[in-house]
1. Using only alpha-carbon positions, what ratio does the radius of gyration of region 1-77 give when scaled by 2.2 N^0.38 Å?
2. For the pair R239/K302, report the inter-label distance in nm, with labels modelled 7 Å from Cα in the Cβ direction.
3. Each residue of region 333-345 in order: what ³J(HN,Hα) in whole Hz does its phi give by Karplus 6.51 cos²θ - 1.76 cosθ + 1.60, θ = phi - 60°, with x for Gly and Pro?
4. Treat each spin label as a single point 7 Å out from the Cα along the C-beta direction, and report the C5 to L165 distance in nm.
5. Only Cα pairs under 8 Å and at least 6 apart count here; give the relative contact order of the chain as a rounded whole percent.
6. Under the Kirkwood approximation applied to all pairs of distinct alpha-carbon atoms, what is the hydrodynamic radius of region 174-261 in Å?
7. Quick one: check the C-alpha center-to-center distance for region 200-277 versus region 164-199, whole angstrom.
8. Which whole-number percent gives the relative contact order of region 59-301, counting Cα pairs below 8 Å spaced six or more residues apart?
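We did not get these values from a lab; they are worked out from the coordinates using the rules stated. Because the structure is predicted, anything quoted here is derived from the model rather than measured. Note: ideal-geometry Cβ built from the backbone for every residue, glycine included; neighbour counts use all protein chains shown.
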Amino acid sequence: MELNCYSQAQLTAFYEECQKQYSAFQAENLKLDMSRGKPSPKQLDLSADLLNCVSNDDMTSEAGDCRNYGGFDGIPEAKKLFAPMLGVEPDEIFMFGNASLQAMYFTISYAFTHGIMGNTPWGKLDKVKFLCPVPGYDRHFRITEFFGVEMINIPTDENGPDMDLVEKYVSEDEAVKGIWCVPQYSNPSGIVYSDEVVKRFAGLKPLAKDFRIFWDNAYCVHHLCDNPRVILPILEECRKAGNEDMVYEFASTSKVTFSGAGVSLLATSKANLADLKKGLTCFTISFDKVNQIRHVKFFDGKFENVLAHMEKHRALLEPKFNCVLEMLNQEIRPLGIGEWTEPKGGYFVSFNAPQGTAKRIVQLCKDAGVVLTGAGAAFPYGKDPEDRNIRIAPSYPEVDELKKAMELFVLCVKMASAEKLLNA
Ligand SMILES: Cc1ncc(COP(=O)(O)O)c(C=O)c1O
C-alpha cells in the first residue's frame, strides 16, 4: 500500500517503527561520505601502471621532448588517441591539464575579460544569462555564479533539455550567452540526449553572435550496459548546420584513469581555437606533456584500449548501481514516496523525493553518519524550487558499505515522507 493511503494510526505506527530503526543506526556511529562522485580506490588501481609505463627514454613525442617547454596545444599522439572519443579531428583539440573544469573556467573567464571572437567582453555587459538544464552539475553552476551570470533553469526529460524553451530563449534574448550541457549520462540524472535534441542544439539560431554551447562530455565512455547509445558528435552536427563555431566541447580522463591526475581537453572549431589561443598563450607555455605521453603509452595509443579499460570500471561500478536500484525498488517503490532514474552509464542516480523533503532527508542521513551531496546542489544557486532532488553517488564506497548507507537512506526517505503526511 502507498504511504499516502495509510490511516493516521497506521502512519503514526509506521513513523515510530522508523524512529526505532533510526536510533539503531545512530548507535552504529557510521562514517560514510557519498557526497561526490569519486572513483573508488579499486578503480584508481586499474590505472596503477600509469605510474610506471614510461621511462626517461619515452619522452620524445611528435611535438619534441615532453619534459621540455613547447608543444603548446598538446602532443599530437594524445590528440589522436582522444579524437575518436568525441568524434572530432585531432586538430580540433587543445590538451589542458588534469581537470576539464579548468578549461571550462578558462573559456568563461576569457569571454568575460576579452570577449569571444572580438565581441564585447561579457564583463562589460549589463546582463549575461546562461541556460541551465536541471538537475545539473553543481560545479558548472558555481562557475557561472562566480562570474555573476544570471542562471535560468531549463527542465529536462529523458531525451534532454526542453528544446522549445531553449530555442525560445536563445533566439529571442541577446543576453543569453550560453548553456551548460552534459549530453551523455548527465550529472546527476544519467540521461542521454536524443539525436533530435542534439540536432536541435546544432540548429539553434542565437540572437547573440557570441552564444556558445558548453558541451561537457565528461561521461562519454562511461557505459554501464552492453551496446550503449552514444550521442551524435556535436561539432560535426554544428558544422553541418552551418554553426561550426557555436560549441565548446570538454572531456577528461578524470574517471578513466586518475581523477586528480588525468588529462583533459577542449574540442572546438579551428576559428574558436585560434581565438582562445590568444589568451591561452599567456596562460601557459604548455600543459603537462609528460602526463599526456604517459596516457598515450598506457593505452598504447589506441582508443579501443580506452574502451576496454572502461569495461573494467563497469565491472566494479555495476554492482554498486544495482545495489542502489534494488534497494529503492524494494523499499521505496511500494510506498510511492519517490522517483528515480535508472542510468545506463555515468556516476549518479538522481532521486526525487516527495516535494519539500529533500533537505530533511539529507540532514537525517548526515545526523546518522552518511554525508550526501547537499539537497539543491544540482540546481543553480543551490536552490531546488521543489526541494525534491537528491543526487546518489554510489561509486566510492564498497558494496557492503553502500548497502548500509542505502538502508539508512531509504529509512530517512520513509521518515521524512511520514513526517510530511503527519503534519499535513
Ligand atoms: C559533468 C562533469 N563534468 C566535469 C567533472 C569534473 O571533471 P574534471 O575532473 O575533468 O575537472 C565532473 C566530475 O564530477 C562532472 O560530473
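1. Relative to the rule-of-thumb radius for its length, region 1-77 sits at 2.44.
2. Using points 7 Å along Cα→Cβ, the separation is 2.6 nm.
3. 4, x, 8, x, 10, x, 9, 8, 9, 10, x, 9, x
4. A separation of 3.3 nm, rounded to one decimal place.
5. RCO, the chain: 25 percent.
6. 13.9
7. 12
8. Dividing the mean separation by the residue count of region 59-301 yields 27 percent.
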